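K.L.:
My questions will all concern the structure given below.
The values are calculated or read from the model by the stated rules, or taken from the named source; none is laboratory data. Quick caveat, the model's predicted, so the values are computed rather than measured. Cβ atoms come from the backbone with ideal geometry, glycine included; neighbour counts cover every protein chain shown. Note: areas computed on protein heavy atoms with side chains; ligands, DNA, RNA excluded. Shrake-Rupley method; radii C 1.70, N 1.55, O 1.52, S 1.80 Å.
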Amino acid sequence: ASALPQYSLPNVCPQAVPNSKLTVKYTLLTQAWTPTPTLLNLYDSVNDIRRHEKQLFSTSFDYTTTTGTAATIRFPYYMPYRWFDSTAIFSTAASSKYTTVYRLADVYLVAAEAANELGQDPTPYLQPILARAYVIVPPVATGQTARRNQVLAERFRELAMEGHFWFDMLRTRLYPDADALHQVTFSALVGHSNGRGQTYANKDLLLPLPPTEIQRNPSLGGQNPGY
């Protein structure tokens, strides 16, 4: 059972929903994860359906009062709607929904990236993602570099909250930056700010080796640099 639904409402949300029979069954709405402005800026809030209210993210909770009228609780910031599960939140405190690990969109994007690296047209793999995600479907870029950047940008948009971001950055050594028009460009990961006052360094590309493994296997040659 997944605990992720408790992160889909902010901790300012009342345990007992006003004028209703709804009561949050989780002991605490921990608000462990909220999307940053940097992440939200990857999306065109009008043309990108994933950025629309209650697609990937939400700023409110809608419900029906005991008198049958519609009511809304507004949040002061965006929350991850992808994890929202009303049954878990208001009944069981445990979600029966599957936690996303890999899904077809990821397969399409992997195939698009691989095709482009082989000098092939990635359109057959990228087009299904674009057609579902946008109101006005953008064209597939021309040129291998532009297509690579488009595919990588769609990976960051499409696979938000699925645990791929860091591993895509490690694999490509690239960091995505979005401008005011939501156009994504990529720069070197090492030396880039993480947005929290730290800068990515070479040592961040590797994990530290457990001392027990170094003791068992001297041929490892010691600890990874920087640890």
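K.L.:
I need a count of the residues in segment 139-162 that are free of Cβ contacts under 8 Å to residues at least 12 places away in the same chain and either open to solvent by less than 30 Å² (accessible area, probe 1.4 Å) or not in a helix (DSSP H, G or I) (or both).
P.N.:
4
K.L.:
If you don't mind, there's one more thing I want to ask. Suppose the filter is among the acidic types (Asp, Glu), within 22 Å of ASN116 (Cα to Cα) and in a strand (DSSP E or B); does ASP168 pass it?
P.N.:
Spelling it out, it is not the case that ASP168 is among the acidic types (Asp, Glu), within 22 Å of ASN116 (Cα to Cα) and in a strand (DSSP E or B).
K.L.:
For segment 174-221, name all the residues that are loosely packed, with under 13 Cβ neighbours inside 10 Å and within 20 Å of the chain's Cα centre (by Cα).
P.N.:
ASP179, ALA180, LEU181, GLN183, THR185, SER187, SER193, ASN194, GLY195, ARG196
K.L.:
Residues of segment 100-138 being over 15 Å from LEU159 (Cβ atoms), within 23 Å of the chain's Cα centre (by Cα) and part of a helix (DSSP H, G or I), which ones?
P.N.:
Listed by number, the residues that qualify are ALA114, GLN127, ALA131.
K.L.:
Of the conditions (1) farther than 24 Å from ASN47 by Cβ; (2) out of contact with any helix residue (DSSP H, G or I) (no Cβ under 8 Å at 6 or more places or on another chain); (3) buried (at least 18 other Cβ atoms within 10 Å of the Cβ), ALA115 clears all except one; give me its number.
P.N.:
Single failed check for ALA115: (2).
K.L.:
So which of THR30, THR34, THR38, THR23 ends up being open to solvent by 70 Å² or more (accessible area, probe 1.4 Å) and either farther than 26 Å from THR67 by Cβ or among the hydroxyl-bearing types (Ser, Thr, Tyr) (or both)?
P.N.:
THR38
K.L.:
Still on this structure, please answer the following. With the structure loaded, tell me whether THR65 is farther than 30 Å from PRO138 by Cβ and loosely packed, with under 15 Cβ neighbours inside 10 Å or whether it fails that test. Show your work before the answer.
P.N.:
On the way: farther than 30 Å from PRO138 by Cβ: yes; loosely packed, with under 15 Cβ neighbours inside 10 Å: yes.
Criteria met by THR65.
K.L.:
Consider segment 83-102. How many of its residues are open to solvent by 70 Å² or more (accessible area, probe 1.4 Å) and modelled with pLDDT of 90 or more?
P.N.:
Total meeting the criteria: 3.
K.L.:
Looking at THR38, THR27 in this structure, which one is assigned to a loop (DSSP other than H, G, I, E, B) and modelled with pLDDT under 95?
P.N.:
Just a single option satisfies the conditions, and that option is THR27.
K.L.:
From the list ASP62, ASP48, ASP85, ASP44, which residue is within 30 Å of VAL135 (Cα to Cα) and in contact with a His (Cβ under 6 Å, 6 or more places away or on another chain)?
P.N.:
Working: ASP62 fails: in contact with a His (Cβ under 6 Å, 6 or more places away or on another chain); ASP48 fails: in contact with a His (Cβ under 6 Å, 6 or more places away or on another chain); ASP85 fails: in contact with a His (Cβ under 6 Å, 6 or more places away or on another chain).
ASP44 is the lone residue from the list that is within 30 Å of VAL135 (Cα to Cα) and in contact with a His (Cβ under 6 Å, 6 or more places away or on another chain).
K.L.:
When residues of segment 3-19 are filtered for being open to solvent by less than 30 Å² (accessible area, probe 1.4 Å) and part of a loop (DSSP other than H, G, I, E, B), how many remain?
P.N.:
Going through segment 3-19 one residue at a time, the tally reaches 5.
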